[in-house]
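Here the structure is laid out as structure tokens; the discussion comes afterwards.
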Amino acid sequence: MKFLRMTLVAALRALRRNKMRSALTILGIVIGVAAVITTVGLGQGASEAVQSQIRSLGTNLLVVVPGTRTRGGAHSGWGGASTLSVTDARALEREATGIRAVSYIRRGSAQVLYGNSNWRTTIQATTPSYLDVSDSAMAQGDFFDERDMKNGARVAVLGGTLVGQLFEVGEDPIGAVLRIKEASFRVIGVLESKGGSSFGSDRDDLLLVPFTTGERRILGATLPGVVEQIIVSARTGASAHEASLEIEDILRQRHRLRPAQENDFTVHSQEEIANTMGSVTRILSSVLMGIASISLLVGGIGIMNILLVSVTERTREIGIRMAVGAKGSHILVQFLVEAMILSMIGGMIGIILGLVGTQVIAHFAEIPFVFSPGAIVGAVLFSGSVGIFFGFYPARKASNLDPIASLRYE
Amino acid sequence: MNPLIETHGLAKEFARGDIRVLALRGVSVSIQRGEFVAIVGKSGSGKSTFMNILGCLDRPSEGKFVLEGQDVAGLSKDERAELRGQKIGFVFQAFNLIPRTSAQENVELPLIYSGVSRAEQARRAQESLERLGLRDRSEHHPSQLSGGEQQRVAIARALVNHPQLLLADEPTGNLDTRTSLEIMKILMQLNRAEGLTVILVTHEPEIAAFADRVLTFKDGEIVSDEPGLSGEGVLPASLPEEKEAKEA
């Protein structure tokens, strides 16, 4: 213990004798550690951001779309067939146990007119349950209800983008009458903004109408009762995966598919998308961390380089120390301690700089700042081991020097 | 009483590529406590090799080396390091002080490796520096000291652990005549007043003349072992003057 303190004192003295050199060596480690801390922090922040965005879509959301239709060997792609119907959705609602609510939609686009303004937007015909299933909320007014649905009421609920396009700032859209395809619709509510999706589309640029009304007045009823998507919200606590299996069972039965036949529909789950996005960000951040680790490695090589120079330069000093009673292990420990002091000081400064850097970048990139004690402990241990690892070779070289030759070294 | 140093048939062989060189061929000598011995000889005579073995820096290829009743030839590297730290003080031709390090810290160096407390280190280093009249030089770095002062710091360092044996390898080789005499006088005083065993390697007869016994090496063997002049005739009349000057 006493010896360790002496060594520490001796090492600090030696490092002080070459201030500039020590500072530059430390700088190498500082940059390495700061880079690692920053990339780990930003990686975690980015994945946190992606996760929370996906969570806002609702992780227990399942979307059923029709399968492909094959005509003369050509597949039409997902959703090409018109195999899903309102009755399928009703059956799911009735029979599936792992399901909380079911909605279905059909979409088209149309020009919406109001006063002197007009805007082409997505018209989405859906059920009153859509609000709940899609995890949306009203910013103003109400969503349409079962009575509107039954009566085919000409009422509309607007997305935020559409409100901005059709109305003056400060104008109250509730009660306004819009014209769509020669029919008039009364605005009864405005959806709360969802923001752009993670795939870049504007999820607020739409107009919702009751399914029956939409089918009859806007989208055309060439195929009555056919839906584009069935949206299912799984029961909380129930796994979305189990719910999707149940949906498959029920729909296969209803569509009278033989065991050998492929599904004529597909069930997509948000969980699936969340997992994919999660692994994408994980891969990205580990790649970045790999790059950052390289700079730490370079810093470590810097320590090794400086210590090798130092051992050569201080050969005579090593000889003197040995002559006055230093054992090989004393010399070894002294150089290791010097290496560790360099790397630990570098590590400390690097952590502080890294945290500050993460916070600054996170602020400008609008990513949440994630403070991870694990990364800091890791960085301290890692920089310490970098010191030991890269210090060991020069230290061993020093401790194996022959005292007689060292004393004569010029 | 046992002699401090006893060697029997000490031999050292070096391999220079394929050629084997015998640096020492059977040296047997015994040195008592309190002796002042000069080892002289031309370069290549084996005197430095002998000195390195006495200093436990090197081990003989053959033969026996007993230091204070302990056979040193068979000791490991670490055991020899410990022995050097405790029993032997070194003074070199090139002073061998650590650069950019204060005199005080240089003198403390042997204490670091013998587990002496920090306060005790400082106290003993101060004491040792004072003994050599370097009290006001303790914070100076070697580059700020004259050659004579540097060698005195080196002697202070050699003495700080109270060794049994002081080995001086050409201690005056880098000094002018006047400073050389000063250093030799210090070594003589240490030997006379404190009974310190001093072994001195030199090729200068005037320096060897300070010793009580002179061993002459030639081709790896001791060719003569004679009493020295003990400083007689080599201590010039200038010395008392110098003493006065120092006291003034």
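Can you find a residue that is in contact (Cβ under 8 Å) with a residue 60 or more places away in the chain, within 14 Å of chain B (Cβ to nearest Cβ) and either over 18 Å from the mean Cα position of the chain (by Cα) or buried (at least 22 other Cβ atoms within 10 Å of the Cβ) (or both) anywhere in region A:267-277?
No, every residue in region A:267-277 fails to be in contact (Cβ under 8 Å) with a residue 60 or more places away in the chain, within 14 Å of chain B (Cβ to nearest Cβ) and either over 18 Å from the mean Cα position of the chain (by Cα) or buried (at least 22 other Cβ atoms within 10 Å of the Cβ) (or both).
Of all the residues that make up region A:364-410, how many are within 14 Å of chain B (Cβ to nearest Cβ) and in a loop (DSSP other than H, G, I, E, B)?
So the answer is 5.
Given the conditions (1) part of a helix (DSSP H, G or I); (2) modelled with pLDDT under 85, report the number of the one that A:Thr236 does not fulfil.
(1)
If you check B:Glu226 against the conditions, is it touching a strand residue (DSSP E or B) at 6+ places or on another chain (Cβ under 8 Å) and surrounded by fewer than 19 Cβ atoms within 10 Å (Cβ to Cβ)? Quick ask: steps written out before the conclusion?
Numbers: touching a strand residue (DSSP E or B) at 6+ places or on another chain (Cβ under 8 Å): yes; surrounded by fewer than 19 Cβ atoms within 10 Å (Cβ to Cβ): yes.
In short, yes.
Here's a check for you: in region A:305-351, which residue that is of a type in the set (Gly, Ala, Ser) and more than 14 Å from chain B (Cβ to nearest Cβ) is nearest to A:Asn400 (Cα to Cα)?
Out of the qualifying residues, it is A:Ala339.
Hey, among B:Met184, B:Met188, which residue is more than 14 Å from chain A (Cβ to nearest Cβ), crowded, with 22+ Cβ neighbours inside 10 Å and under 23 Å from B:Ile199 (Cα atoms)?
After applying the criteria, what remains is B:Met184.
Going through A:Gly160, A:Gly67, A:Gly73 one at a time, which residue ends up being modelled with pLDDT under 85 and surrounded by 19 or more Cβ atoms within 10 Å (Cβ to Cβ)?
Details: A:Gly160 fails: modelled with pLDDT under 85; A:Gly73 fails: surrounded by 19 or more Cβ atoms within 10 Å (Cβ to Cβ).
One residue alone meets the criteria, A:Gly67.
Restricted to region A:141-173, and to residues that are of a type in the set (S, T, N, Q) and out of contact with any Leu (no Cβ under 9 Å at 6 or more places or on another chain), which residue is nearest to A:Asn116 (Cα to Cα)?
A:Gln165
Please identify the pairs in which a residue from region A:361-384 that is surrounded by fewer than 15 Cβ atoms within 10 Å (Cβ to Cβ) has its Cβ atom under 8 Å from the Cβ atom of a residue that is part of a loop (DSSP other than H, G, I, E, B) and hydrophobic (A, V, I, L, M, F, W, C), counting only partners at least 6 apart or on another chain.
A:His363/A:Phe369
Counting only residues that are modelled with pLDDT of 85 or more, among the β-branched types (Val, Ile, Thr) and within 11 Å of A:Gln270 (Cβ to Cβ), how many does region A:37-64 have?
Counting residues in region A:37-64 that are modelled with pLDDT of 85 or more, among the β-branched types (Val, Ile, Thr) and within 11 Å of A:Gln270 (Cβ to Cβ) gives 1.
Give the number of residues within region A:1-23 that are assigned to a helix (DSSP H, G or I) and touching a residue at least 12 places away in the same chain (Cβ under 8 Å).
Of the residues in that region, 11 qualify.
Out of the residues in region A:356-410 that are of a type in the set (Gly, Ala, Ser) and within 17 Å of A:Leu342 (Cβ to Cβ), which is farthest from the chain's Cα centre (by Cα)?
The residue in question is A:Ala398.
Report whether or not B:Gln121 is more than 21 Å from the chain's Cα centre (by Cα), facing chain A (nearest Cβ under 9 Å) and in a helix (DSSP H, G or I).
yes
Among the residues of region A:145-157, is any of a type outside the set (Ser, Thr, Tyr) and closer than 16 Å to A:Gly108 by Cα? If you could, list the steps in order and put the result at the bottom.
The first filter runs over region A:145-157 and keeps only residues of a type outside the set (Ser, Thr, Tyr), leaving A:145-157.
When the remaining residues are screened for being closer than 16 Å to A:Gly108 by Cα, the result is A:156-157.
The answer is yes; a qualifying residue exists.
For region B:120-163, give me each residue that is without any contact (Cβ under 8 Å) to a residue 40 or more places away in the chain and of a type in the set (A, V, I, L, M, F, W, C).
The answer is B:Ala122, B:Ala125, B:Leu129, B:Leu134.
Give the residue, chosen from A:Arg13, A:Arg21, A:Arg17, A:Arg5, that is modelled with pLDDT of 85 or more, within 14 Å of another protein chain (Cβ to nearest Cβ), within 17 Å of A:Ala339 (Cα to Cα) and surrounded by fewer than 23 Cβ atoms within 10 Å (Cβ to Cβ).
Step by step, each of A:Arg13, A:Arg21, A:Arg17, A:Arg5 is checked, and only A:Arg21 is modelled with pLDDT of 85 or more, within 14 Å of another protein chain (Cβ to nearest Cβ), within 17 Å of A:Ala339 (Cα to Cα) and surrounded by fewer than 23 Cβ atoms within 10 Å (Cβ to Cβ).
In region A:352-360, is there at least one residue being within 14 Å of chain B (Cβ to nearest Cβ), at pLDDT 90 or above and assigned to a helix (DSSP H, G or I)?
No, region A:352-360 contains no residue that is within 14 Å of chain B (Cβ to nearest Cβ), at pLDDT 90 or above and assigned to a helix (DSSP H, G or I).
Restricting the search to region A:111-147, which residues are surrounded by fewer than 17 Cβ atoms within 10 Å (Cβ to Cβ), at pLDDT below 90, within 29 Å of the chain's Cα centre (by Cα) and of a type outside the set (Asp, Glu)?
Answer for region A:111-147, where residues must be surrounded by fewer than 17 Cβ atoms within 10 Å (Cβ to Cβ), at pLDDT below 90, within 29 Å of the chain's Cα centre (by Cα) and of a type outside the set (Asp, Glu): just A:Ala137.
Is there a residue being touching a residue at least 12 places away in the same chain (Cβ under 8 Å), within 39 Å of the chain's Cα centre (by Cα) and in a loop (DSSP other than H, G, I, E, B) anywhere in region A:246-257?
Keep residues of region A:246-257 that are touching a residue at least 12 places away in the same chain (Cβ under 8 Å), which gives A:246-248, A:250-251, A:254-255.
Within this subset, residues satisfying the condition of being within 39 Å of the chain's Cα centre (by Cα) are A:246-248, A:250-251, A:254-255.
From what is left, the residues that are in a loop (DSSP other than H, G, I, E, B) are A:255.
The answer is yes, given that some residue of region A:246-257 is touching a residue at least 12 places away in the same chain (Cβ under 8 Å), within 39 Å of the chain's Cα centre (by Cα) and in a loop (DSSP other than H, G, I, E, B).
Report yes if some residue within region A:331-350 is surrounded by fewer than 22 Cβ atoms within 10 Å (Cβ to Cβ) and either more than 46 Å from the chain's Cα centre (by Cα) or not in a helix (DSSP H, G or I) (or both); otherwise report no.
Among the residues of region A:331-350, at least one is surrounded by fewer than 22 Cβ atoms within 10 Å (Cβ to Cβ) and either more than 46 Å from the chain's Cα centre (by Cα) or not in a helix (DSSP H, G or I) (or both), which makes the answer yes.
The values are calculated or read from the model by the stated rules, or taken from the named source; none is laboratory data. Quick caveat, the model's predicted, so the values are computed rather than measured. Neighbour counts run over all protein chains shown; Cβ positions are idealised from the backbone, glycine included.
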